[in-house]
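Structure, as structure tokens:
The values are calculated or read from the model by the stated rules, or taken from the named source; none is laboratory data. What you see is a predicted model; the values in this text were computed from it and never measured. All Cβ positions, glycine included, derive from the backbone under ideal geometry; neighbour counts span all protein chains shown.
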Amino acid sequence: MPITFQPTLMPRSRLDQALITGISTSLNYAFAALIQDSLEAVALRGAGRTDPTKVDRRTWRRVSIGLDLAAVGAGLAAVEQALRAAELERKRRLDAAKDGKAAEAVDGQALGGPGSSSSKAASRS
């Protein structure tokens, strides 16, 4: 379910929901079109030309498809990295809670946040 359709704690009128959905969809399309046009421009250079009227279309399409596949791979790798980082954070918090350090995991002391020994030492100096 798209995020704009999910219910929130604040009720929305139909007009507000329509505006949010329309703006979100338009921005998503604009971003996707910008990325694809950028890949097409790079593919044109990769095909050895700067003028689309003077390029071999087959070569341009092949380079473009290669760049598209590379972009999909890069996107999947970025998502995998983000999910891995979130999972590692979850495991770190669970381990801290098991070790009796739940307060540190919650208020950021383990990361040098307020109340940690590193921030106390910094305030003394």
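Can you tell me how many residues within the range 18-44 are over 22 Å from ARG62 (Cβ atoms) and out of contact with any Phe, Trp or Tyr (no Cβ under 8 Å at 6 or more places or on another chain)?
14
State which residue pairs qualify: first residue without any contact (Cβ under 8 Å) to a residue 40 or more places away in the chain and inside the range 9-21, second residue hydroxyl-bearing (Ser, Thr, Tyr) and outside any loop (DSSP other than H, G, I, E, B) in any location, beta carbons under 9 Å apart, and separation of 6 or more residues or different chains.
Hits for this filter: GLN17/THR4; ILE20/THR4; THR21/THR4.
Specify which of the listed residues (ALA105, ALA122) is surrounded by 10 or more Cβ atoms within 10 Å (Cβ to Cβ), in a helix (DSSP H, G or I), at pLDDT below 90 and in contact with a helix residue (DSSP H, G or I) (Cβ under 6 Å, 6 or more places away or on another chain).
Answer to the selection: ALA105.
Please find, among VAL55, VAL72, the residue that is touching a helix residue (DSSP H, G or I) at 6+ places or on another chain (Cβ under 8 Å) and among the aliphatic types (A, V, I, L, M).
VAL55
In the range 32-64, which residues are in a helix (DSSP H, G or I) and among the β-branched types (Val, Ile, Thr)?
ILE35, VAL42, THR53, THR59, VAL63
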